[in-house]
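Mind looking over this structure? Questions follow.
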Amino acid sequence: MLSVVPTPVVVRAPSKVNLHLSVGDLRPDGFHELTTVFQALSLSDELSVVPAKTLSVRVRGDDARVVPTDSRNLVWKAAELLGHRVGREPSVEITIDKGIPVAGGMAGGSADAAATLVALNAMWHLDLSRDELDEVAAQLGSDVPFSLHGGTAVGTGRGEKLLPVLSRNSFHWVLALAKGGLQTPAVYNELDELRAKGDPPRLGGTEDLMHALASGDARALAPLLGNDLQAAAVSLMPQLRRTLRAGVTAGALAGIVSGSGPTCAFLCADADAAVSVSAELSGAGVCRTVRVASGPVPGARVVTSESIG
Ligand code: ATP
């Protein structure tokens with residue numbers, strides 16, 4: 001007998017920061033070869049899915065008005081793709097509560113897509129395996145498989161081929177959300193242009209970073225954070241330089257641009273330090289708003305009514 005899945009099905013999906021993002025040259029298919037170490041953070045989106053007559057999407061939260069609610073939304077694509085794959089009409093109403101900044105380099109759209117797959121897998125009693133969900137996720141976007149998995153992982157290829165990484169302890173982060181977003185393709189184009197004009201330094205390997213993660217030592221991890229897209233993001237939004245400096249002045253161990261930016265992520269020594277860095281950064285006038293987060297956290301997962309907060 002099928003177990004009853006209560007509706008709405010509510011799924012929480014994490015944001016991510018790239019602890020290491022090394023970008024190779026442009027491939028013939030237009031993508032760049034990446035080696036990246038992702039960490040899933042507690043700053044998250046929540047999706048609520050109920051059966052309906054047709055597919056529809058609603059978005060709530062500070063950034064809601066800049067998120068499309070039609071077939072351009074990744075959750076729409078996820079519902080259609082999964083429906084097509086299993087031979088069902090994706091007749092559901094999806095409500096997204098956005099906690100992750102839009103176009104912020106924290107994989108907000110990917111988190112929502114992963115959450116949709118998890119919600120429909122439960123609501124439709126599909127019982128799809130991890131591998132099957134991964135395959136659908138990878139068709140939706142490079143970061144979607146990681147949003148499903150969460151934790152800390154190395155991604156290669158376009159970032160979609162994942163291997164879990166041993167990471168001890170929680171790390172504490174302060175996130176500086178920018179006024180406005182950056183579109184990921186524009187940041188990659190800018191990097192290609194910077195590389196065509198000169199030869200900006202490129203990140204090395206990830207061996208030391210892996211040791212620091214395994215030891216759970218934030219002080220050892222801090223100097224190893226790196227992002228090849230940072231120079232391109234700063235070139236498109238020069239004010240990020242001030243934000244990065246302000247976070248370190250406020251007491252963070254290190255700051256990096258998250259993914260393609262413009263969110264800046266500051267690693268802090270512990271939870272208390274994160275609260276104090278966030279307070280100081282809020283007053284520095286270098287960003288739209290500040291959030292505290294920790295990681296690693298799990299990937300997209302159904303939350304029960306008791307854990308909805
Ligand atoms: P990444 O870190 O994966 O490169 P990002 O976090 O920088 O992505 P997103 O927030 O995923 O960027 O959004 C990029 C664009 O995708 C937005 O400008 C928006 O128009 C569109 N979009 C489609 N679906 C969503 C969604 N569910 N949430 C946010 N944006 C979405």
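Looking only at segment 150-188, how many residues end up being in contact with a helix residue (DSSP H, G or I) (Cβ under 8 Å, 6 or more places away or on another chain), in a helix (DSSP H, G or I) and of a type outside the set (Gly, Ala, Ser)?
2
Would you confirm whether any residue within segment 14-30 is surrounded by 16 or more Cβ atoms within 10 Å (Cβ to Cβ), at pLDDT 95 or above and part of a loop (DSSP other than H, G, I, E, B)?
Checked segment 14-30: no residue is surrounded by 16 or more Cβ atoms within 10 Å (Cβ to Cβ), at pLDDT 95 or above and part of a loop (DSSP other than H, G, I, E, B).
This table checks each residue for (1) assigned to a loop (DSSP other than H, G, I, E, B); (2) of a type in the set (S, T, N, Q); (3) within 13 Å of the ligand (Cβ to nearest atom).
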position	(1), (2), (3)
Glu46	no, no, yes
Val59	no, no, yes
Pro68	yes, no, yes
Ser71	yes, yes, yes
Val75	no, no, yes
Gly83	no, no, no
Pro90	yes, no, no
Ile96	no, no, yes
Pro101	yes, no, yes
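While we're here: If Ser276 passes every condition in (1) at pLDDT 95 or above; (2) exposed (fewer than 13 other Cβ atoms within 10 Å of the Cβ); (3) farther than 28 Å from Leu166 by Cα but one, which one does it miss?
Looking at each condition in turn, Ser276 falls short on (2).
Rundown of residues vs (1) away from the ligand (no atom under 11 Å from the Cβ); (2) under 18 Å from Ala218 (Cβ atoms), yes/no style:
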{"position": "Phe146", "(1), (2)": "no, no"}
{"position": "Gly150", "(1), (2)": "yes, no"}
{"position": "Ala153", "(1), (2)": "yes, no"}
{"position": "Glu160", "(1), (2)": "yes, no"}
{"position": "Val165", "(1), (2)": "yes, yes"}
{"position": "Phe171", "(1), (2)": "yes, yes"}
{"position": "Lys179", "(1), (2)": "yes, no"}
{"position": "Asn189", "(1), (2)": "yes, no"}
{"position": "Asp192", "(1), (2)": "yes, no"}
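Something else now. If you take just the strands (runs of 3 or more DSSP E) that sit entirely in segment 213-309, which of them hold at least 3 residues that are touching a residue at least 24 places away in the same chain (Cβ under 8 Å) and within 16 Å of the ligand (Cβ to nearest atom)?
By residue number, 289-295.
The values are calculated or read from the model by the stated rules, or taken from the named source; none is laboratory data. All values derive from a computational prediction rather than experimental measurement. Glycine also receives a Cβ, built like all others from the backbone with ideal geometry; neighbour counts cover every protein chain displayed.
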